[in-house]
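Structure, as structure tokens:
The values are calculated or read from the model by the stated rules, or taken from the named source; none is laboratory data. Remember, it's a predicted structure, so these values are computed and weren't measured experimentally. Neighbour counts run over all protein chains shown; Cβ positions are idealised from the backbone, glycine included. What goes into the accessible areas is simple: the full protein's heavy atoms, side chains included, and nothing from ligands, DNA or RNA. Shrake-Rupley method; radii C 1.70, N 1.55, O 1.52, S 1.80 Å.
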Amino acid sequence: MTSQNYLCELFSLEGRVAVVTGGSSGIGRAIAGALARAGASVVVVARRESELAATVDELAAEGCRAAWVSADLSTRDGVRAAAEQAAEVFGEPDILVNSAGINLRPPMDELGEEVWDATMAVNLEAPYLLGRRFGPGMAERGFGRIIHVTSQQAHRAFVQSGAYGVSKGALESLARSQAEAWSPYGVTCNTLVPGFVMTPLNARLSSDPEKVAALAARTMVGRNGLAEDFAGAAVFLAGRASGYVTGQSIFVDGGLSVH
């Protein structure tokens with residue numbers, strides 16, 4: 001076997017179908033691109049049609065198979081509709097990536113029910129509902145990969161974690177519960193844990209040079225994260241090579257969490 005064939009056996013996603021929420025910007029877009037370039041047929045799910053079209057057009061220009069679904073993941077009906085539309089494009093998915101999220105951070109004593117409900121709906125309930133829709137089918141077919149994108153706030157409180165931190169901590173627990181239910185049938189469920197990444201979701205912090213520099217100094221590599229830093233980890237978790245990795249939180253943070 002040549003080295004190229006060996007690497008393809010481990011990491012190629014040819015013949016796989018992936019659904020990536022939040023896949024039109026930031027970390028989600030980088031992951032969608034990585035999965036598509038590794039051979040998967042990718043359906044990108046997000047709100048803004050212009051960003052969705054730009055993402056898919058870029059991938060199509062490189063010869064990738066990609067499509068988009070515009071959806072509102074803040075309601076149960078919206079999530080269910082998105083799931084059905086996504087499954088109609090290339091068929092039932094083998095890979096589900098939950099990267100869509102909202103990042104509302106009022107101080108705890110100002111955190112109202114509206115922000116709490118909105119945060120839980122997008123950051124936690126949507127991944128739960130999508131997993132419920134696609135996970136059993138993956139298990140029935142004997143192969144599946146569920147990947148959630150969480151946050152340092154799932155493990156430690158800083159910069160007003162609020163409801164956001166709670167939602168991400170719960171999402172990691174959801175991954176473990178999904179792993180317990182479906183891993184015996186070939187479905188792995190894991191989370192990717194970013195450090196501070198320069199994406200639109202972090203626009204509030206990104207606009208403060210002092211805070212950006214302070215966060216970079218907390219890492220071991222001396223810089224903050226970029227969306228493309230997640231490409232390799234996502235391809236690994238989506239493919240055959242990670243078949244014995246499940247229920248885990250994989251930190252992609254430049255060493256911030258251990259420094």
(request) Calculate, for the stretch 69-144, the solvent-accessible area per residue in square angstrom, rolling a 1.4 angstrom probe over the heavy atoms of the protein chains. (result) 48 Å²
(message) Ignoring everything except DSSP H segments at least 4 long, calculate the 222 nm mean residue ellipticity for the chain; use -39,500 (n - 2.57) per segment, divide by total residues, nearest 500.
(response) -14000 deg cm²/dmol
(request) Report the charge-dipole magnitude of the stretch 122-194 in Debye, nearest 20, computed about the Cα centre from +1 at each Lys and Arg Cβ and -1 at each Asp and Glu Cβ. (result) 80 debye
(message) Just to verify a number: what accessible area does Lys168 come out at with the full protein assembly present, 1.4 Å probe, Å² rounded to tens?
(response) 10 Å²
(message) Please list, ordered by chain and number, the residues whose modelled amide H lies under 5 Å from the amide H of Leu192; skip anything fewer than 5 residues away on the same chain.
(response) His148, Val149, Thr150, Ile250
(request) Using 0.36 nm per residue of separation minus the Cα-Cα distance, give me the extension gain between Asp57 and Tyr185 in nm, one decimal. (result) 42.5 nm
(request) Can you run the Rg to Rh ratio on the chain? Use alpha carbon positions and the Kirkwood inverse-distance Rh. (result) 0.95
(message) Below 8 Å, C-alpha to C-alpha, sequence gap of six or more: please give me the relative contact order for the chain in percent.
(response) 20 percent
(request) On the protein heavy atoms, probe 1.4 angstrom, tell me the percent of accessible surface of the stretch 1-44 carried by carbon and sulfur. (result) 50 percent
(request) Quantify, in whole percent, the carbon and sulfur part of the accessible surface of the stretch 60-170 (1.4 Å probe; protein heavy atoms only). (result) 50 percent
(request) Give the long-range amide H neighbours of Arg16: residues separated by 5 or more places, or on another chain, with amide H under 5 Å away, using H modelled in the peptide plane at 1.01 Å from N. (result) Ser41
(request) Run the 1.4 Å probe and let me know the accessible area of Ser12, rounded to the nearest 10 Å². (result) 40 Å²
